[in-house]
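Please read the structure below before turning to the comments.
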Amino acid sequence: MPTAEKEQAVSLLEERLRRSKAVVFSDFHGLTASEMVELRRELRKYGLEYRVVQNTLARLAAERVGIKDTDLYLRGPTGLCISYDDPALAFKISQALTKKFEKYKIKGGIMEGVVVSAQEAEQLASLPSRQELLAMLVNTLQAPIQQLASVLNAVLRDFVSVVDEIRKKREGEQPKPPES
């Protein structure tokens, strides 16, 4: 039977897992204390949380939330990078930090309640962020409106040219050849 302290740790972790959009399992073995401080600082800049966890407690919390098949990723020293907003951000920043900290490795993760492998985590890291996707959506929605405005402007411009040519003809001026 777990102690009250361990039960509280599992409950806190369970609550974090419920709220999270994504979790990255990482191995931090070999990082110095100053590197760990710098790693946490980098993650905090992006609104991400980093927790070092006991594997059995993390496994228990994941099972309580309904996430299975985490055994493979919860071995050895394990840290959790938790994102509560943008699911791809945790993977993207963790991937960038593997380049900065040689001993920081991604084991796998959880995306919207689904366990992903290290290879899938790498693919998720290459996805555009939520802001980039929203910008792409706005551009896609805006393009037809801009094209319609351009077509309507061209029709209006052509109409003004025709009216101007008719006016010149009635006044006896020589019409200019149409521009192509």
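For region 46-88, the tally of residues that are more than 23 Å from LEU31 (Cβ to Cβ), of a type in the set (Val, Ile, Thr) and in a helix (DSSP H, G or I) stands at 1.
Within region 1-28, the set of residues being under 23 Å from GLY113 (Cβ atoms) and in a loop (DSSP other than H, G, I, E, B) comprises SER20, LYS21.
Here is the figure for region 89-133: residues that are in a helix (DSSP H, G or I) and loosely packed, with under 15 Cβ neighbours inside 10 Å total 9.
Against the test of being without any contact (Cβ under 8 Å) to a residue 12 or more places away in the chain, farther than 19 Å from ALA121 by Cα and within 18 Å of the chain's Cα centre (by Cα), the options ARG19, ARG44 yield a single qualifying residue, ARG44.
Every number here is computed from the coordinates shown, using simple stated rules; none is lab data. Just so we're clear, the structure is a prediction, and the values are computed from it rather than from any experiment. Because the Cβ atoms are built from the backbone with ideal geometry, glycine has one as well, and the counts that use them run over all protein chains shown.
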